[in-house]
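A short write-up of the structure that comes next.
The values are calculated or read from the model by the stated rules, or taken from the named source; none is laboratory data. From a predicted model like this one, the values you see are computed outputs, not experimental measurements. Cβ placement follows ideal geometry from the backbone for every residue including glycine, while neighbour counts extend to all protein chains displayed.
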Amino acid sequence: MNKFFERRYVIAGVFITLIIILLARLFYIQIIDDRYLIYAQGNARRIKYLNPARGPILDRNGKILVQNQPFYDIVVTPKQVKPFDTVAFCKLLDIDKSEFDKRFTKAIKYSRTRPSVFEKQLSPEAYAAFQERLSEFPGFDSSTRYLRTYPDSVAAQFLGYIGEAQDKDIKKSGGYYHPGDLVGVTGVERSYENVLRGKRGVEYQMVDSRNRPKGRYAGGAYDTVQVAGERLTSSLDIRIQKLGEQLMKNKIGSIVAIEPSTGEILCYVSSPTYNPNLMVGHERGNNAAELYKDPFKPFFIRPIQAYYPPGSSFKPLSALIALQEGIITPQTTYNCPGYYWAGNHKVPCFHGEAHGTVNLSSAVALSCNGYFSMVFEKLMNFNGAKNTGSTFTNWRGNVTKFGMGSKLGLDMPSEGKGNVPTAAHYDKVYHQGHWRSSTIISLAIGQGELEATPLQMANIEAIIANHGFYYKPHLIKAIGEKEIIRPEYKVRNPVGIDSQYFEPLINGMQAVVDHGTAVVSKIPGIVMCGKTGTAQVHGEDNSVFVAFAPRDNPKIAIAVIVENAGEGAHWAAPIASFIVEKYLRDSISVRESGITTEQFINANKLPNPDSYGGKKKAIPVPKYCRAGIFQR
């Protein structure tokens, strides 16, 4: 009996406690917290999203590359829509009733209770006319957004463009993005989207039964302010970016320039390019469709996506590896009769030129295929001809330390790896144990299956300029007021070659410009060290030139590729020299050779559109050319 009474008191106590909690909660909701009153008045509340301005993007000297221009959208919240004059509404927006129904159905499908874009990018005049009659259209509201504008119309592939958020973007954002919101699609706009987009604000407004504004809910206590996106300061120098795009007009290829001491990218030209302002406004879709039809693919980001045979720009790598491993010395010579026999493969020098006795420096200066073929065979046969596979794997490992065959980690999407073939690849093609150094001799002169992006080629020049190390290339210097660079961009990346071995190589590279194949590109008063390349592909050869300057305390390393333009000395080298001088002096002097920027700006080297493949791997070399190719 006593236990029964004890249980009764316990149960009564539980119920009394619950009643007290409920009463306290009701008191808090009704007297203290007015949020629920606001929610209860949802039929008189209008939610307005305040879209922030995207952050501007500047060049390294503070010059504006992209900024914002306000425009206006009409948004709709289907649940709040009441009968209204749709004829007058459609007339204001210049649409017909069927288009109205289509858009309204789409809005309902997205959400009956959340606003979505109904009409985009109204002109100021159309917006003003609509705003005057806004109260006549319950459920509709206006929203201010910002379009990108590009004062100098340059660096399109670097900046990228923005577009409407797709379903996957909305889902991935966890509810942040709504239909009609703009997001970065390519380039910096995409890779720094979270920084550039800012923070959306929310405004709660009271409206009467006729949808007329009656002030803020709760005096604006629950409103949030939009926060503009952060300003990005890029590493680009707009002076040489503009010049580079002019010089590459009516040409296919790329220019990449890097500051060796930091890894900052100074110039990032992809040609053909396009005016980024074409990817803004009502005609954006039509403009994009036309650009996609272009056989030369202006949306293709050649600095990081195009794969090219590096040609002669690659020759020094094997020599540096051989020096480090003690297989050759700077004084090791080769008597060049105009060719080199690798097994039964004859590797001719450019136009069969006989260079006579050459060492490392003079072989670089003369671009002697025979010398570098000889060095490559010494490397491959060091452990015996039967061990070519394992020796090649070791060589490949040393080559990849220079940043080839893998992504360099650029702060941009869609970077390519290039290609450094593996022993497994040759085992598959020729069968294990059935290939030798002579089989792959084309690698000695940067041909065959070897492929690099222009960014990788420029990075190799930065390594040579630094005597054996590099900083990972990057495009953004600062976010807002702070110079914020990712930690990995501050780390030295050594390539495993002692600094002493670079001097003989650099001596040869200086000779290339002073009195060698690139002498027409010599810059008065500036010592530029470079290497021409003429890499054979389908059609006319690719023109290649890599360089750095000045020799002492280098400020710029550069790679220029002009597809199907012929010898590197004739096209890529002069273009590179103009970029180098413009960066170092902010002017271009009269050259002894007589070359001028106007000659190259006005020149047209576009191939026949019908024969241009425009493939990622940049028109590969025919197999029959891989062993016997000559290039400079």
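Below, the figures for the structure above:
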| read-out | value |
| --- | --- |
| Residue within the range 484-496 that is more than 20 Å from residue 307 (Cβ to Cβ), at pLDDT 95 or above and among the charged types (D, E, K, R) present | yes |
| Total residues in the range 123-165, condition surrounded by fewer than 20 Cβ atoms within 10 Å (Cβ to Cβ), aliphatic (A, V, I, L, M) and assigned to a strand (DSSP E or B) | 1 |
| So residue 557, is it crowded, with 24+ Cβ neighbours inside 10 Å, over 15 Å from residue 601 (Cα atoms) and free of Cβ contacts under 8 Å to residues at least 60 places away in the same chain | no |
| Any chance residue 113 is surrounded by fewer than 18 Cβ atoms within 10 Å (Cβ to Cβ), of a type in the set (Ser, Thr, Tyr) and not in a loop (DSSP other than H, G, I, E, B) | no |
| Any hit, the range 219-235, residues being acidic (Asp, Glu), crowded, with 16+ Cβ neighbours inside 10 Å and in contact with a strand residue (DSSP E or B) (Cβ under 9 Å, 6 or more places away or on another chain) | yes |
| Residue that is surrounded by the most Cβ atoms within 10 Å (Cβ to Cβ), among those in the range 343-378 that are more than 40 Å from the chain's Cα centre (by Cα) and aliphatic (A, V, I, L, M) | 358 |
| Failed criterion for residue 393 (all others in (1) under 30 Å from the mean Cα position of the chain (by Cα); (2) β-branched (Val, Ile, Thr); (3) farther than 18 Å from residue 310 by Cβ hold) | (1) |
| Breaking point among (1) over 27 Å from residue 336 (Cα atoms); (2) outside any helix (DSSP H, G or I), for residue 393 | (2) |
| Only one of 203, 230 that is of a type in the set (Asp, Glu) and either farther than 30 Å from residue 134 by Cβ or outside the structural domain of residue 147 (by TED's automatic domain parsing) (or both) | 230 |
| Complete set of residues in the range 220-246 that are in a loop (DSSP other than H, G, I, E, B), small (Gly, Ala, Ser) and under 18 Å from residue 57 (Cβ atoms) | 228, 229, 235 |
| Inter-residue pairs, beta-carbon under 7 Å, first aromatic (Phe, Trp, Tyr) and in the range 165-177, second in a loop (DSSP other than H, G, I, E, B), 6+ apart | 177/165 |
| Within the range 418-463, tally of residues that are of a type outside the set (S, T, N, Q) and within 21 Å of residue 388 (Cβ to Cβ) | 24 |
| The range 342-355 residues that are at positive phi, paired with ones that are buried (at least 16 other Cβ atoms within 10 Å of the Cβ) (beta carbon under 6 Å, 6 or more apart) | 343/438; 352/338 |
| Close pairs from the range 247-263: first under 22 Å from residue 603 (Cα atoms), partner among the acidic types (Asp, Glu) and outside any loop (DSSP other than H, G, I, E, B), Cβ under 9 Å, at least 6 apart | 255/245 |
| All positions within the range 75-129 that are under 20 Å from residue 182 (Cα atoms), small (Gly, Ala, Ser) and at pLDDT below 90 | 111, 116, 123 |
| Selected residue (only one of 89, 158, 137 is touching a residue at least 60 places away in the same chain (Cβ under 8 Å) and over 29 Å from residue 228 (Cβ atoms)) | 137 |
| Within the range 261-318, considering residues that are of a type in the set (Lys, Arg) and in a helix (DSSP H, G or I), the one surrounded by the fewest Cβ atoms within 10 Å (Cβ to Cβ) | 293 |
| Criterion violated by residue 216 - all others in (1) modelled with pLDDT of 95 or more; (2) in contact with an Asp or Glu (Cβ under 8 Å, 6 or more places away or on another chain); (3) surrounded by fewer than 23 Cβ atoms within 10 Å (Cβ to Cβ) satisfied | (1) |
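Here is a yes/no grid of residues against (1) of a type in the set (D, E, K, R); (2) outside any strand (DSSP E or B); (3) within 30 Å of residue 322 (Cβ to Cβ):
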{"site": "472", "(1), (2), (3)": "yes, yes, yes"}
{"site": "477", "(1), (2), (3)": "yes, no, no"}
{"site": "484", "(1), (2), (3)": "no, yes, no"}
{"site": "489", "(1), (2), (3)": "no, yes, no"}
{"site": "501", "(1), (2), (3)": "no, yes, yes"}
{"site": "505", "(1), (2), (3)": "no, yes, yes"}
{"site": "508", "(1), (2), (3)": "no, yes, yes"}
{"site": "530", "(1), (2), (3)": "no, no, yes"}
